[in-house]
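A.B. asks: Please see the structure below; I have some questions.
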Amino acid sequence: MGVSSADMFRSLKTAVILTAGLSLLGLSGCMASRSSDDLPVKLQAGQPLTLVVASDIHYLSPRLHDDGEAFHTYIQAGDGKLLSYIDPMSEAFAEEVKEQHPAALILSGDLTNNGEKASHEDLAAKLKRIEAAGTQVYVIPGNHDLSNPWARRFKGDSQYKTEAITPEQFVEIYEAFGYHQSISRDTSTLSYLAKVSPDLWLLMLDTSQYDLNEFAGFPQTDGEIPSTTQEWIKDCTRLAGKNGARIVTVMHHNLVDHSTVPIKGFTLNNSKEIVPLFEKLRLNLVLSGHIHIQDIRQTDHGLYDIATSAFSVYPHQYGVMQYDPSDRTINYESTQVDVEAWARKQHVSDGNLTGFAEYSRQFFAEHSYNKSYASLGELPLSEADKTLMARTMSDINLLYFAGKAASGPERERLLASPGYRLWEKADSIFLQGYVQSMLEPKTPDNTKLQMTLQGGLE
C-alpha cells in the first residue's frame with residue numbers, strides 16, 4: 001500500500017512529538033493513560049444514558065462582523081448556512097441541552113465557520129456553560145477548524161483576514177471538552193478515546209487534513225484515517241473489550257457514501273480500507289457530519305454511519321441518542337432546535353427569531369431557489385421552465401436536508417410534479433442524476449434508528 005502525503009506529514013509530526021508523548025503517558029498504544037480513579041466519570045455501570053450529537057455548527061463570533069454589506073454578500077454566496085443568526089441559534093441550542101441534561105454532548109467537527117480564533121474562543125465559552133450544568137462535552141475538529149487561510153472578519157463592504165488557530169491551540173482551547181478527559185490520545189492526529197460511562201466509550205477521530213492548508217492557501221476538504229491511527233484504533237478496541245465497554249465512533253468525514261452521485265471530499269479517501277477494519281473490530285456505529293444532510297447508511301455487514309445534518313443549515317437539527325446498557329441498544333432520533341422558545345424566554349423582539357421556524361425555512365427555500373436557477377445556466381430552457389424547475393428543487397431541498405425526502409406524501413407529490421419531470425429531461429447528466437438521487441427511496445429511515453452496539457475485541 002502506498003503512503004499518502006497526509007501520512008508523510010503526520011509521520012513528521014509523530015517523530016517530533018513521539019518521545020514527549022510516550023514520556024508523558026509512560027506507555028505506547030491505547031493502554032489507559034490515566035487510572036480510573038483520575039477520570040471524571042461519575043456515572044455508574046448499568047446506568048442508561050442520553051447523549052446529544054450535533055455537527056457543522058460553523059459558529060462565527062459576532063465580534064467578527066458588523067452585519068454589513070460584505071457579511072450578507074458572503075452569506076448569499078454560500079451554501080445555505082444561516083450565519084446571520086448563528087449566535088442566537090447556538091445560545092438556544094446551549095439552553096436546550098442544559099434543560100435536557102444529557103450525559104454528553106458530542107460535536108463532530110466544523111465547529112467554526114472558517115477556523116477563526118475568536119469563533120473558537122466564543123464557542124468554547126458557551127460549551128463551558130453546558131459543562132457547568134452537568135453535561136460533559138466532547139469535540140473533534142472538522143476541515144474548517146484548523147490552520148484555515150480563509151479565516152475572515154467582515155466590516156462594511158470588505159472582508160479582512162483574521163487569526164486562525166493551530167492544532168496545538170485547538171487542544172488548548174478545547175482541553176476541557178474531551179482532551180482532558182481522554183484515557184488515550186493518538187500521537188499522529190487529534191484523535192482520542194474517552195469514557196462517557198464505564199459501559200460506553202467514545203472513539204473521537206480526527207479525520208481532517210490540515211498540514212498543507214497554509215501552503216495551498218485554502219482548507220483541504222477531504223479526509224482520511226492514516227495507518228498510524230488505524231493501529232491506535234485497534235489497541236483502543238482491545239482496551240474497551242477488556243473492560244466490557246461498547247464504543248461509539250465519532251468522526252467529521254463520512255465513513256460511507258451518503259449519495260449515489262459521486263461527489264469527492266465527503267467520504268473518507270480510504271473508506272474502502274476503513275470499513276472492513278471497523279467491521280472486523282466490531283465498531284458498528286459511526287457518527288459523522290460534513291455532508292450537511294441528514295442521512296443514515298448501513299453497510300452489508302450491519303455497520304451504521306449516521307450523518308447528522310449541519311446545525312447551521314435548515315432545518316437546524318441535532319441528534320438525541322438513548323443508550324441502554326442492559327441490552328446495548330442505541331435509539332437515535334433527529335430533532336430541531338427550538339429557537340422560538342428560547343426567544344420567548346429571552347424576551348427577544350426580533351421577529352425573525354420569534355418566528356424562526358418559518359423565517360429559516362423561507363431563507364433556505366429562497367437560497368436553494370437562487371442556487372438552482374443559477375445552475376441551469378445556459379441550458380436551452382424557457383424562463384418559465386427554469387422558474388418551475390428551481391421551485392421544485394427548492395421544495396426537494398427542504399425535505400432532503402431534513403432527511404425526509406426518501407418517503408412520505410411530499411415525496412410522491414414532488415415525483416409527480418411538472419417541475420420534476422422537467423428535471424428528468426434536463427440536458428445535464430449530472431444535474432439530472434443529482435435531482436433523481438435526492439428522491440430515491442431508501443432504508444433505514446434517515447431521522448431515527450434503533451440498533452445494538454457490538455462488543456469490543458478482547
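The values are calculated or read from the model by the stated rules, or taken from the named source; none is laboratory data. This one's a predicted model, so the numbers in the text were calculated from it and none came from an experiment. We place every Cβ from the backbone using ideal geometry, glycine too, and count neighbours over all the protein chains shown. The protein model used for the area step is the full one, side chains on, heavy atoms only, and it has no ligands, DNA or RNA in it. Shrake-Rupley method; radii C 1.70, N 1.55, O 1.52, S 1.80 Å.
A.B. asks: Being open to solvent by less than 80 Å² (accessible area, probe 1.4 Å), in a helix (DSSP H, G or I) and touching a residue at least 40 places away in the same chain (Cβ under 8 Å) is the filter here; which residues of region 423-458 pass it?
C.D. replies: Leu431, Gly433, Tyr434, Val435, Ser437, Met438
A.B. asks: Scanning for something open to solvent by 10 Å² or more (accessible area, probe 1.4 Å), within 23 Å of Ala307 (Cβ to Cβ) and of a type outside the set (Phe, Trp, Tyr), does region 150-158 turn up at least one residue?
C.D. replies: No; the residues of region 150-158 include none that is open to solvent by 10 Å² or more (accessible area, probe 1.4 Å), within 23 Å of Ala307 (Cβ to Cβ) and of a type outside the set (Phe, Trp, Tyr).
A.B. asks: Considering each residue of region 396-431, count those that are touching a helix residue (DSSP H, G or I) at 6+ places or on another chain (Cβ under 7 Å), hydroxyl-bearing (Ser, Thr, Tyr) and farther than 26 Å from Thr443 by Cβ, and give that number.
C.D. replies: Here the count works out to 0.
A.B. asks: For a quick check of your reading of the model, give me the residue pairs whose first member lies in region 355-372 and is over 14 Å from Asp395 (Cβ atoms), whose second is of a type outside the set (A, V, I, L, M, F, W, C) and at pLDDT 95 or above, with beta-carbon atoms closer than 6 Å and at least 6 apart or on different chains.
C.D. replies: Listed by first residue and then by second, the contacts come to Phe356/Glu340; Tyr359/Asn352; Ser360/Tyr314.
A.B. asks: Right, here's the next one. Can you pull out the residues in region 53-98 that are within 16 Å of Gly156 (Cα to Cα) and of a type in the set (Lys, Arg)?
C.D. replies: Within region 53-98, just Arg63 meets the criteria.
A.B. asks: Could you give every pair whose Cβ atoms fall below 8 Å, whose first residue belongs to region 48-70 and is free of Cβ contacts under 8 Å to residues at least 60 places away in the same chain, and whose second residue is assigned to a loop (DSSP other than H, G, I, E, B) and open to solvent by less than 40 Å² (accessible area, probe 1.4 Å), counting only separations of at least 6 or pairs across chains?
C.D. replies: Close Cβ pairs satisfying both conditions: Leu60/Asn113.
A.B. asks: Would you check if Ile75 is touching a residue at least 24 places away in the same chain (Cβ under 8 Å), touching a Leu at 6+ places or on another chain (Cβ under 6 Å) and more than 30 Å from Leu200 (Cα to Cα)?
C.D. replies: Against the criterion (touching a residue at least 24 places away in the same chain (Cβ under 8 Å), touching a Leu at 6+ places or on another chain (Cβ under 6 Å) and more than 30 Å from Leu200 (Cα to Cα)), Ile75 does not qualify.
A.B. asks: Identify the residue in region 354-386 that is more than 25 Å from the chain's Cα centre (by Cα) and over 22 Å from Gly433 (Cβ atoms) and, among all such residues, is least open to solvent (accessible area, probe 1.4 Å).
C.D. replies: Ranking the qualifying residues of region 354-386, first place goes to Gly355.
A.B. asks: For region 178-195, give me the residue count where each residue is open to solvent by 10 Å² or more (accessible area, probe 1.4 Å) and farther than 15 Å from Thr228 by Cα.
C.D. replies: Within region 178-195, residues that are open to solvent by 10 Å² or more (accessible area, probe 1.4 Å) and farther than 15 Å from Thr228 by Cα number 4.
A.B. asks: What's the total number of residues in region 31-66 that are at pLDDT 85 or above, open to solvent by less than 70 Å² (accessible area, probe 1.4 Å) and basic (Lys, Arg)?
C.D. replies: Residues flagged as at pLDDT 85 or above, open to solvent by less than 70 Å² (accessible area, probe 1.4 Å) and basic (Lys, Arg) within region 31-66 amount to 0.
A.B. asks: Oh, and also: If a residue counts only when it is under 12 Å from the mean Cα position of the chain (by Cα) and without any contact (Cβ under 8 Å) to a residue 40 or more places away in the chain, which strands (runs of 3 or more DSSP E) contained entirely in region 269-315 have at least 1 such residues?
C.D. replies: 285-288
A.B. asks: Select from region 82-114 the residues that are touching a helix residue (DSSP H, G or I) at 6+ places or on another chain (Cβ under 9 Å) and assigned to a loop (DSSP other than H, G, I, E, B) and list them in ascending order.
C.D. replies: Leu82, Leu111, Asn113
A.B. asks: Which of the residues that make up region 321-353 are in contact with an Asp or Glu (Cβ under 6 Å, 6 or more places away or on another chain) and either open to solvent by 60 Å² or more (accessible area, probe 1.4 Å) or under 30 Å from Gly241 (Cβ atoms) (or both)?
C.D. replies: Selection gives Pro325 alone.
A.B. asks: If you scan region 161-214, which residues turn out to be in contact with a Gly (Cβ under 7 Å, 6 or more places away or on another chain) and either under 18 Å from Glu116 (Cα atoms) or free of Cβ contacts under 8 Å to residues at least 12 places away in the same chain (or both)?
C.D. replies: Scanning region 161-214 gives Ala164, Ile165, Ser208, Gln209.
A.B. asks: Scan region 215-256 residue by residue and report those that are open to solvent by less than 10 Å² (accessible area, probe 1.4 Å), in contact with an Asp or Glu (Cβ under 6 Å, 6 or more places away or on another chain) and β-branched (Val, Ile, Thr).
C.D. replies: Result: Thr229, single match.
A.B. asks: Being out of contact with any strand residue (DSSP E or B) (no Cβ under 7 Å at 6 or more places or on another chain) and small (Gly, Ala, Ser) is the filter here, so list the residues in region 44-100 that pass it.
C.D. replies: Ala45, Gly46, Ala77, Gly78, Ser84, Ala92, Ala94, listed by residue number.
A.B. asks: Restricting the search to region 134-161, which residues are more than 24 Å from His72 (Cα to Cα) and part of a strand (DSSP E or B)?
C.D. replies: Once the filter is applied, which keeps residues that are more than 24 Å from His72 (Cα to Cα) and part of a strand (DSSP E or B), region 134-161 yields Gln136, Val137, Tyr138, Val139, Ile140.
A.B. asks: I need a count of the residues in region 163-176 that are in contact with a helix residue (DSSP H, G or I) (Cβ under 8 Å, 6 or more places away or on another chain) and open to solvent by 10 Å² or more (accessible area, probe 1.4 Å).
C.D. replies: So the count comes out to 6.
A.B. asks: Another one. Out of region 111-124, which residues are under 24 Å from Leu287 (Cα atoms) and either without any contact (Cβ under 8 Å) to a residue 24 or more places away in the chain or out of contact with any Asp or Glu (no Cβ under 6 Å at 6 or more places or on another chain) (or both)?
C.D. replies: Asn113, Asn114, Ser119, His120, Leu123, Ala124
A.B. asks: Glu131 is checked against (1) in a helix (DSSP H, G or I); (2) without any contact (Cβ under 8 Å) to a residue 24 or more places away in the chain; (3) open to solvent by 40 Å² or more (accessible area, probe 1.4 Å) and fails just one. What number does that condition carry?
C.D. replies: Glu131 satisfies all of (1) in a helix (DSSP H, G or I); (2) without any contact (Cβ under 8 Å) to a residue 24 or more places away in the chain; (3) open to solvent by 40 Å² or more (accessible area, probe 1.4 Å) except (2).
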